[in-house]
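The values are calculated or read from the model by the stated rules, or taken from the named source; none is laboratory data. Keep in mind that this is a model prediction, so the values were computed, not measured. Don't worry about glycine lacking a Cβ; one is built from the backbone with ideal geometry, like all the others, and counts go over all protein chains shown. Only protein heavy atoms, including side chains, enter the accessible area calculation; ligands, DNA and RNA are left aside. Shrake-Rupley method; radii C 1.70, N 1.55, O 1.52, S 1.80 Å.
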Amino acid sequence: MQGRSRFSLVHLLFWLAISYAPGVTGVAFQPDGWYRRIAKPSWTPPDALFAPVWLTLYFLIGLAAYRVARRDAPATPIALTWFFGQLLLNALWTPLFFGLHRPDLALACIALLWLTIVGTIRSFARVDGPAGALLVPYLLWVSFASALNAAIWWLNR
């Protein structure tokens with residue numbers, strides 16, 4: 001049985017802020033001349049698509065985390081541990097790819113990120129079913145981003 005639930009706008013804003021935190025690396029390490037020169041697959045989306053997608057995903061991630069954090073359930077601490085693990089990997093990918101220009105290291109990072117998102121979805125769903133479902137678009141986008149990262153690595157090895 002799930003524990004009690006409590007609503008707080010301050011807590012919601014806290015979890016949204018935490019979830020947007022990896023976006024700071026996206027601001028610090030943006031596509032540069034290196035990225036524009038490397039070979040990319042024909043299905044690479046335009047650069048302008050990434051910011052709106054991530055803004056939406058970070059909102060969903062924060063809402064999901066809030067829904068889990070407000071539950072007084074035995075599985076909540078484990079679920080939030082998964083959450084912070086995926087958040088760390090999310091923040092690490094951008095400096096690896098755009099900062100160090102290392103699609104190989106970024107590919108390893110995004111593979112681990114994908115696995116931690118799956119773990120986060122499963123653990124969130126145990127605490128709050130809708131919270132797990134809110135992370136599915138994130139998993140789908142990271143699946144696409146993983147394929148894109150792999151293709152870029154392959155084309156430029």
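Charge dipole (Cα centre; +1 on Lys/Arg Cβ, -1 on Asp/Glu Cβ; no other charges) of the chain amounts to roughly 200 debye. In the chain, helices alone account for a calculated mean residue ellipticity at 222 nm of -24000 deg cm²/dmol, with every DSSP H run of four or more residues adding -39,500 (n - 2.57).
Placing unit charges on the Cβ atoms of the charged side chains and taking the dipole of the chain about its Cα centre, the candidate lying farthest along the positive direction among L140, V127, A21 is V127. The C-alpha atoms of the chain define a longest principal axis, and helix 103-127 lies at about 20 degrees to it.
Each listed q (0.10, 0.12, 0.13, 0.16 Å⁻¹) maps to a log10 I(q)/I(0) for the chain, found by the Debye formula over equal Cα scatterers with no solvent: -0.37, -0.52, -0.60, -0.86. For region 97-157, the calculated P(r), taken from all Cα-Cα distances in 5 Å bins from zero up to the bin holding the longest distance, is 4, 20, 24, 18, 13, 10, 7, 4, 1 percent. Rolling a 1.4 Å probe over the protein heavy atoms gives region 1-99 an accessible area of 56 Å² per residue. Kindly identify region 57-113 as rounded, prolate or oblate by the Cα gyration tensor criterion: order the square roots of the eigenvalues as a ≥ b ≥ c, call it rounded if a/c is under 1.5, otherwise compare a/b with b/c, prolate if a/b is larger, else oblate. Cα axes put region 57-113 in the prolate bin. To the nearest ten degrees, helix 9-20 and the longest principal axis of the Cα atoms of the chain are 20 degrees apart.
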